[in-house]
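Derivation of every value follows stated rules applied to the coordinates shown; laboratory data play no part. These numbers come from a predicted model, not from an experiment. Note that each Cβ is placed from the backbone with ideal geometry, even for glycine, and that neighbours are counted across all protein chains shown.
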Amino acid sequence: MPLERRILVQEHNPHIQSYDPDGFLSVGNGNFAFTVDCTGLQSFLHQREGKTPLCTMSSWGMHSYKGKEKPRYDLLELKQYDCDGRKVGYMTESTGQEALFNDLRINPHRFNLGRIGLKAKDTEEEVFISSLTHIDQSLDLYSGLITSSFVYRGEPVRVQTVCHPTQDQVSISVESPLIANGLLSVVVHFPYASHTISGSDYTRDDDHTSVLEAGENNQYVIKRSMDSSCYNVRIKACTQCDVKQTGRHSFELFSTNLVLQASILFKQSDDEPLFAVDSFARTKSLSANHWARFWTEGAFIDFSLSSDKRKDELQRRMLLSRYLLAIQCSGDTPPPETGLTCNSWYGKFHLEMHLLHASHFALFGQAELLERSLSWYTDILEGAYKRAREQGYRGARWPKMTDPSGNDSPSAIGTLLCWQQPHPIFYASLLRKTQIESALLTEWTEIIEATAAFMVDYLQYDEQQDLYVLGPPLIPVQENHRPEETLNPTFELSYWRWALQEAVSLLKEAGRSVDEHWLHVLEKLAPLPNDGEVYLAHQRCPDTYGAYAYDHPSLLFSFGLLDGRDVDRRMMNNSLDRVLKDWKLNELWGWDFPLMAMTAARLGRPEDAVDLLLMDSSKNTYTPNGHNAQIPKADLPLYLPGNGALLLALALMAGGWKGETAHAPGFPQDGWVVRIENLKRFW
């Protein structure tokens, strides 16, 4: 019997009954997201530290402060590191250049495109929110529609909020007698940009402009100009209403009807006729069709028949993570770590996290959602070639913390991180396994070749041992190691071997010849560092399970995220035991728990895998809206790599891996009934 997907999905629709920043809901389409409070709009901007702000964000909405539009990397002095007898410069120090260092980090930054909220006549926002009763809000995951009901001044209010599936448009419907009698209206308010978590600065009215232009057929355009960033906001009144400018950057929508419906479209330019504003009714219909296809066509995992008391929470986390990553992480560029909800690291994205954000799409049968952002690597390939060349390497070196331009950002850690480098080969291998007909895969030969060429040249030859080694200088996944001392970090070394082997296979399949030197390097690549009983963080870290037993336990990930082809199973089993015993588990990050669960699953320890996946830890917290909050980090009220890693782990634990014949091998037989449809098998 096929699974009753609609019933299973809607059983876990988020349901909110108060003003709760941990429960703010979002609608979106991968390139655009709109986050709302309990009113279904952005009616009250709270100032609670560590809580989610209310933003409207897009993949293109980037801003640089005036005079900072052109990044002056040529003025930044690089720190020189010894690398196999030669000097290589990295942007790791700011001494004497703090202003320039910070400018290059925070510009460009993502910003809040605008706020859309309810306004109560002659009432302060906080008083309005505190006066609401009978709050009842839900997100229908199967249609992408947020419905919010409440009572104000004794009158009912019903708000529907929905996002257009293919353009940067939010549509709203507000129904209440308070609309008709003028006590409620809808306000659109534009802040100046900011690199802070909210992407907003409401104190700089003089530094930007908002100009209203009326059009035909109840359509209006607000032209926005802010330093070098310009964009347009089109408003289509779907019911009879007026739009008036009520402040320098404030606009109100009034109606004398019981229902006020409007669509608001955000655009970089106004010369694309295909981007007509769709009505609320049409947008609602398009969204319903889009989400029905999303849930029907992708893979599905059902835990509802299980007896384990944790089944419902795991189902909730899975379904909400699927929704959140679809609206935040399936766009044209890699997403920031807080997606399009708010700014983390200034709204820039970290390429090592792209794997965790988007790889699950392929395993859940929707590889096209991964492919959208992979095309961007071709756009920045020339910059990656240039980066490698400037450092004296062949091939292409991918950035770490970047923006749509592909520029790297100065960082004491980031520029020395290297585990993002093999990722394009990981994606290509994933597409070969799950979407063999992928057009992108056939076009990616140069990406694969350039990525591998750098990886080979980045290795150093140890003449005494007759081995090729990794580092120094580098910083591994576990970022608490000094770059000058780090040699052969376990995960990176394993990833290098795995990715180079995969690259050779992919290139041969594409009919390309492979440099014999690559094969020689693979034969001579150093073994994973260990003390005979357990794996070490890296070759020069004998105190792996002592002083360094915190941050990401990445020494486990080569037999979990990867297939462990160079791993000794006994030592990896011992290493997992030692991490569970000695590591400061409360200092892990949200994505560490699922990746450790993957290792436990491959080791034949399904009880540990489930325990790790659902471990009670502050950074493994999932709030009512499904976000993985990194408590107590005030700047990360949500953290999408945790959601993505959860889905990767579930794909492995439920779908199995190459050579494993058991059904749902990552789950114990006792207490768990796992039903799956269309899930792709991991390597």
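Here are the numbers:
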item: Fewest-first ranking of Thr161, Thr35, Thr434, using other Cβ atoms within 10 Å as the exposure measure; result: Thr434, Thr35, Thr161
item: Ranked list, fewest to most other Cβ atoms within 10 Å of each Cβ, for Met455, Met572; result: Met572, Met455
item: Measure of compaction for the stretch 37-94 (Cα Rg per 2.2 N^0.38 Å); result: 2.02
item: Under Karplus coefficients 6.51, -1.76 and 1.60, residue-wise ³J(HN,Hα) of the stretch 33-46 in Hz, glycine/proline x; result: 9, 10, 10, 10, 8, 5, 7, x, 9, 10, 8, 9, 8, 6
item: Which of Lys68, Lys400 has the fewest Cβ neighbours within 10 Å, and the rest in rising order; result: Lys68, Lys400
item: √(5λ) per eigenvalue of the Cα gyration tensor, the stretch 61-120, largest first, Å; result: 37, 12, 10
item: At 0.890 mPa s and 25 °C, Stokes diffusion of the stretch 94-222 via Kirkwood alpha-carbon radius, µm² per second; result: 136
item: Taking the chain and dividing mean pair separation by its residue count, relative contact order in percent (alpha carbons under 8 Å, at least six apart); result: 13
item: At 0.890 mPa s and 25 °C, Stokes D of the stretch 271-411 from Kirkwood alpha-carbon radius, µm² per second; result: 138
item: Length-normalised contact order for the stretch 305-432 - Cα pairs under 8 Å, 6+ apart - percent; result: 21
item: Column: log10 I(q)/I(0), Debye, Cα scatterers of the stretch 449-553, q = 0.25 Å⁻¹; result: -1.36
item: Set of lysines near Lys121 by C-alpha distance (under 22 Å), chain-local residues within fewer than 8 positions excluded; result: Lys244
item: Rg(Cα)/(2.2 N^0.38 Å) for the stretch 603-683, N = residue count; result: 1.23
item: Per DSSP, loop trypsin sites (Lys or Arg not before Pro) in the stretch 254-360 with at most 12 further Cβ within 10 Å; result: Lys309
item: Degrees between helix 640-655 axis and first principal axis of the chain (Cα, 0 to 90, nearest 10); result: 60
item: Under 20 Å from the Cα of Lys87 - aspartates and glutamates, other chains or at least 8 residues apart; result: Asp74, Glu77, Glu390, Asp408, Asp457, Asp462, Glu463, Glu484, Glu485
item: The stretch 1-82 - convex hull of alpha carbons, volume per residue in Å³; result: 257
item: For q = 0.14 Å⁻¹, Debye-computed log10 I/I(0) when each Cα of the stretch 539-683 counts as one equal scatterer; result: -0.66
item: Nonlocal amide H pairs with Tyr468, under 5 Å, H built at 1.01 Å; result: Asp462, Leu525, Ala526
item: Residue among Gly511, Ser373, Val36 farthest towards the positive dipole end of the chain, charges placed on Cβ; result: Val36
item: C-alpha long axis of helix 367-379 to longest principal axis of the chain, angle in °; result: 80
item: Restraint check, Lys400/Lys633; Lys236/Lys284; Lys433/Lys508; Lys400/Lys524; Lys68/Lys348; Lys433/Lys680, Cα-Cα greater than 19 Å; result: Lys400/Lys633; Lys400/Lys524
item: Helix axis angle, 592-602 relative to the chain longest principal axis, alpha carbon, degrees; result: 50
item: Dipole-positive endmost among Gln167, Leu324, Leu355 within the chain (Cβ charges, Cα centre); result: Gln167
item: Contact order relative to length of the stretch 353-498, as percent, for alpha carbon pairs under 8 angstrom and 6 or more apart; result: 21
item: Charge dipole magnitude, Cβ of K and R +1, D and E -1 - the stretch 413-495, Cα centre, debye nearest 20; result: 340
item: Positive-end residue, the stretch 548-619 charge dipole about Cα centroid, Cβ charges, pick of Leu562, Met615, Leu585; result: Leu562
item: The chain, helix-only ellipticity at 222 nm - DSSP H runs n ≥ 4, -39,500 (n - 2.57), divided by all residues, nearest 500; result: -9000 deg cm²/dmol
